[in-house]
1. Report, in degrees rounded to the nearest 10, the 0 to 90 angle that the Cα long axis of helix 134-145 makes with the longest principal axis of the chain.
2. How many Lys pairs in the range 1-138 lie less than 21 angstrom apart by Cα atoms, where the lysines are 8 or more positions apart or on different chains?
3. Please express the Cα-Cα pair-distance distribution P(r) of the range 1-56 as a list of whole percents, one per 10 Å bin, running from 0 to the bin with the greatest distance.
4. Longest span of the chain, sites excluded, free of GluC sites (Glu not before Pro) in DSSP loop with at most 13 other C-beta atoms within 10 Å?
5. 7 Å from Cα along Cα→Cβ at both D162 and K19: what's the point-to-point distance in nm?
6. What nm distance separates the two modelled labels at M76 and K95, each placed 7 Å from Cα along Cα→Cβ?
7. Answer rounded, prolate or oblate for the range 93-185, using the Cα gyration tensor with square roots of eigenvalues a ≥ b ≥ c: rounded when a/c is under 1.5, else prolate when a/b is larger than b/c, else oblate.
8. Given the C-alpha atoms of the chain, compute the convex hull and give its volume per residue in Å³.
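Quick note: the coordinates plus some simple rules give every number you see, no bench work behind them. Since this is a predicted model, take the numbers as computed values, not measurements. Using ideal geometry, Cβ is built from the backbone for each residue, glycine included, and neighbour counts are taken over all protein chains shown.
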Amino acid sequence: MSLADDKAAAREAAFARRKPLFETASAAQAGYLSEVLAGYHGVPVSGFMPIRTEIDPRSAMAEASAHGPVGVPVVMAKATPLKFALWTPESEMVKGAFGALVPSDPAFFEPEILIIPLLAFDRKGGRLGYGGGFYDRTLEKLRARRATLAIGFAFAGQEVADVPLEATDQPLDLIVTEAGVIELG
């Protein structure tokens, strides 16, 4: 079985694992994320607009937006790094690529902290995404310029023993779930 086959099988299993977690999620699912971001007031951060069955970071993003710039990722084209548009809870949003909402009149900025959605994670910083490589390209580009903190945000039940990784996969620095903060090491 190839690495691509391993990743495809892992994605299918991860989607199935995440669905019931999403269906039973509480409104307090971003509480620990809020606590982590409170330690970085004023640092430019990008969250994400949840799609499918992703955990919802918007309450933590709204709190962080009172202290500094917050944005959301915008897919510009296939196989390119993401750009980030400033966001507030009052932003007028429209459907972007893959159905994720983006600001209707984007003002782009560069975040230093990325809150990253995922399908599965491991305690070594491995992340399984949807397979487009957008976050990997973006993190590689941002980390070449400055320290960039990659925070995986997921349900605790999305943890697996090992994520199948490729050389181009960028590691996470921290995992935050509805159940707590996981320091990676």
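1. Result, in degrees: 60.
2. Numbers: K7/K19; K7/K78; K7/K124; K78/K95; K83/K95.
Here the count comes out as 5.
3. 18, 34, 29, 17, 1
4. Working: sites that count: E90, E92, E166.
Result, exposed sites excluded: 1-89.
5. Distance between the two pseudo-spin positions: 2.8 nm.
6. Each label point lies 7 Å from its Cα, and together they span 2.4 nm.
7. On the way: a/c = 1.68, a/b = 1.40, b/c = 1.20.
Here the range 93-185 falls in the prolate category.
8. Numbers: hull volume 21.3 nm³, N = 185.
It is 115 Å³ per residue.
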